[in-house]
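Remarks on the structure that follows.
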Amino acid sequence: MNTRNLLLEIGTEEIPAAFIPGALDDLARLAREHLNGAHLTYEDVLTMGTPRRLVLCAKNLSDRQPDREEIVTGPPAKVAFSSDGKPTKAGEGFAHSHGVSVNDLQIKDTERGPYTVLRRIVPGRKTVELLSEFLPMVIAS
């Protein structure tokens, strides 16, 4: 996976020097929370500041999220399939609602008994898309 550095510079009105360390700590904490929440990998998050600028740097930030496996639980197996193994309306409806064939469904034993599940790979999103969603929130905070 490719990485890049992120540099965010925020110009501000004059901030009293006593408030800068707290603002930088908050900026780093919020950036880490959002990056971790988006499952983006990075080497480190650094902050720097002056009375008129706050700077955030995320070193070696991955250029996209990793792909992840998603498991969607459907109806109980006895509801989704008849006793002879043919799909019922419930099984067909579950498959249709997720845009897959009934053949893509699997049966998984759970604490509540056998259930129909769908396993699929969700491709990771590009980092630039995710940053455009949460950097404004980080700045506003």
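Just one of the numbered conditions (1) under 16 Å from the mean Cα position of the chain (by Cα); (2) farther than 30 Å from T12 by Cβ is not true of E129; which one?
(2)
Take the residues in segment 43-80 that are surrounded by 14 or more Cβ atoms within 10 Å (Cβ to Cβ) and touching a His at 6+ places or on another chain (Cβ under 7 Å); name whichever of them is farthest from D25 (Cα to Cα).
V72
Yes or no: A28 under 24 Å from the mean Cα position of the chain (by Cα), surrounded by 11 or more Cβ atoms within 10 Å (Cβ to Cβ) and either among the aliphatic types (A, V, I, L, M) or in a loop (DSSP other than H, G, I, E, B) (or both)?
So A28 fits the description; yes.
Could you list, in sequence order, the residues of segment 97-141 that are of a type in the set (V, I, T), surrounded by fewer than 13 Cβ atoms within 10 Å (Cβ to Cβ) and touching an Asp or Glu at 6+ places or on another chain (Cβ under 9 Å)?
Within segment 97-141, I121, V122, V128 meet the criteria.
Sort through I20, I15 and tell me the only one that's β-branched (V, I, T), more than 30 Å from P114 (Cα to Cα) and buried (at least 18 other Cβ atoms within 10 Å of the Cβ). Show your work before the answer.
On the way: I15 fails: buried (at least 18 other Cβ atoms within 10 Å of the Cβ).
Every option except I20 fails the conditions.
Within segment 83-90, identify whether any single residue is surrounded by 13 or more Cβ atoms within 10 Å (Cβ to Cβ), at pLDDT below 95 and of a type outside the set (A, V, I, L, M), and answer yes or no.
Yes - at least one qualifying residue is present in segment 83-90.
The values are calculated or read from the model by the stated rules, or taken from the named source; none is laboratory data. This is a predicted model, so every value here is computed, not measured. When we count neighbours, we look across all protein chains shown, and the Cβ atoms used for this are built from the backbone with ideal geometry, even at glycine.
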